[in-house]
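First the structure, in the form of structure tokens, and then the observations on it.
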Amino acid sequence: MKSTIVFTKESPFSIELKQRVQSMLSHDSNGRFASTEIWIKAALLITICACLYSAILFATLSFFDRTLLILVFSFFTLIMGLNVMHEAAHGNYSKNPLINRLLAYTFDIYGISSDLYNIKHIHFHHNYTNIFGHDGDISEAPVIRMSTQHPKKNFHRFQVFYTPLLYSLITVVWPLKDLGRLIHLKVATQSFRRPKPRVMLRIVFFKFISFFLTYILPIHLFGWKQALFFIFLFHLSLGSILTLIFQVAHVHSDSSFKDSAPDSDWLTHQLKTSADFGTDSKITNFLMGGLNFQVIHHMFPNTSYRHYPQIQLILKELCQKHQLPYYHFDHLGTATIAHFKWLHQLGTQNTH
């Protein structure tokens, strides 16, 4: 997984930011890891999702009631994904890697390989944010032009209309895309090493478990027509919001896009390619698991999201001091509007 991308030497801004954040964490009893409250929240979310899944399958419900329950299950799966799955993948719960790994298996139960997620999301997306050909989040969907480096095609002028549908399908196709990445050993145009045999076996094992829980068991209980309706209702409602949360923070008109070596150090690059949204809202902060603090998360991905509000105060102060931009949207709605305005601009204009 070697890359030709080389960032510049650390700037005074980056050095001071790291020093102040490290000093802040050193005074916390749990350091960079989760607090008791975060652990309780994770346990509740996992329990709620397990209970909802069981109720959907085995409770005596009308078609209408089961449909409503699936929408509730989709919502809690989204919140668990943001608060538990994603945090565990970054190793932010415990000093013990095994505990983080066990929590990350919640990804695999839903059909998304946590091992491949580490490669795609943590290695390529986090290390090379918005660098075309390296960041799979902007490079792996050729029918959506997200970057100024992405070659423009005639059909891109319609992308503002068809992109929401494609976003809603992300969790449906992700298990298949995992298999494609495993076969070709690539994320976007970047190659990665073949996983060890035991990792390959683990990936395949969990794919079978997920397929059984997602398709075989529901089809057995409800018949294929009703089961597929429930399955796609769950995934469409989950995928559309999940994808937006990740994409709006990086794909907008103010964000920086590259196809070669960045013109800044790594931390400053994260600042230029990310945006926060809704960080003044206690409800948003509670639900998002820190992913509305995308700037801070990209700068300090191995730090529990409970620290993000305090880090934001430091970041704002240093951005003003060093005359650097800090992108922030009032809420997810304004970030979404900015995102689709940018997609429309990229689809209709030869933006460079």
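The values are calculated or read from the model by the stated rules, or taken from the named source; none is laboratory data. This one's a predicted model, so the numbers in the text were calculated from it and none came from an experiment. Methodologically, a virtual Cβ is constructed for each residue, glycine included, from the backbone with ideal geometry; neighbour enumeration extends over all protein chains shown. Each accessible area value is taken on the protein alone, full model and side chains, heavy atoms only, with ligands, DNA and RNA left out. Shrake-Rupley method; radii C 1.70, N 1.55, O 1.52, S 1.80 Å.
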(request) Being open to solvent by less than 10 Å² (accessible area, probe 1.4 Å), of a type outside the set (A, V, I, L, M, F, W, C) and assigned to a helix (DSSP H, G or I) is the filter here, so list the residues in the range 122-165 that pass it. (result) HIS125, HIS126, GLY136, HIS156, GLN159, THR163
(message) Looking at LEU44, LEU57, LEU71, can you tell me which residue is farther than 30 Å from LEU182 by Cα, open to solvent by less than 40 Å² (accessible area, probe 1.4 Å), out of contact with any His (no Cβ under 7 Å at 6 or more places or on another chain) and assigned to a helix (DSSP H, G or I)?
(response) LEU57
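Return the only residue of HIS121, HIS125 being under 23 Å from PHE206 (Cα atoms) and free of Cβ contacts under 8 Å to residues at least 60 places away in the same chain. Explain how you work it out, then say what you get.
Values: HIS125 fails: under 23 Å from PHE206 (Cα atoms).
Result of the check over HIS121, HIS125: HIS121.
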(request) Tell me, yes or no, whether the range 272-291 has at least one residue that is within 18 Å of the chain's Cα centre (by Cα), at pLDDT 95 or above and acidic (Asp, Glu). (result) yes
(request) Have a look at ILE131, ILE203 and point out the one that is out of contact with any strand residue (DSSP E or B) (no Cβ under 9 Å at 6 or more places or on another chain) and hydrophobic (A, V, I, L, M, F, W, C). (result) ILE203
(request) Select the helices (runs of 4 or more DSSP H) contained entirely in the range 191-252, then report the ones holding at least 1 residues which are surrounded by fewer than 19 Cβ atoms within 10 Å (Cβ to Cβ) and among the basic types (Lys, Arg). (result) 197-211, 224-247
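Could you pull out the residue among ASN100, ASN83 that is assigned to a helix (DSSP H, G or I), surrounded by 17 or more Cβ atoms within 10 Å (Cβ to Cβ) and without any contact (Cβ under 8 Å) to a residue 24 or more places away in the chain?
On the way: ASN83 fails: without any contact (Cβ under 8 Å) to a residue 24 or more places away in the chain.
ASN100 is the lone residue from the list that is assigned to a helix (DSSP H, G or I), surrounded by 17 or more Cβ atoms within 10 Å (Cβ to Cβ) and without any contact (Cβ under 8 Å) to a residue 24 or more places away in the chain.
Per-residue answers, yes or no, for (1) without any contact (Cβ under 8 Å) to a residue 12 or more places away in the chain; (2) of a type in the set (S, T, N, Q); (3) farther than 29 Å from ALA227 by Cβ:
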site	(1), (2), (3)
THR67	no, yes, no
ILE70	no, no, no
SER94	no, yes, yes
TYR105	no, no, no
ASP115	no, no, no
(request) Can you confirm whether the range 289-303 contains a residue that is among the aromatic types (Phe, Trp, Tyr), closer than 25 Å to ASN100 by Cβ and assigned to a helix (DSSP H, G or I)? (result) no
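Of the residues in the range 311-339, how many are over 14 Å from ASN292 (Cα atoms), in a helix (DSSP H, G or I) and open to solvent by 40 Å² or more (accessible area, probe 1.4 Å)?
Of the residues in the range 311-339, 6 are over 14 Å from ASN292 (Cα atoms), in a helix (DSSP H, G or I) and open to solvent by 40 Å² or more (accessible area, probe 1.4 Å).
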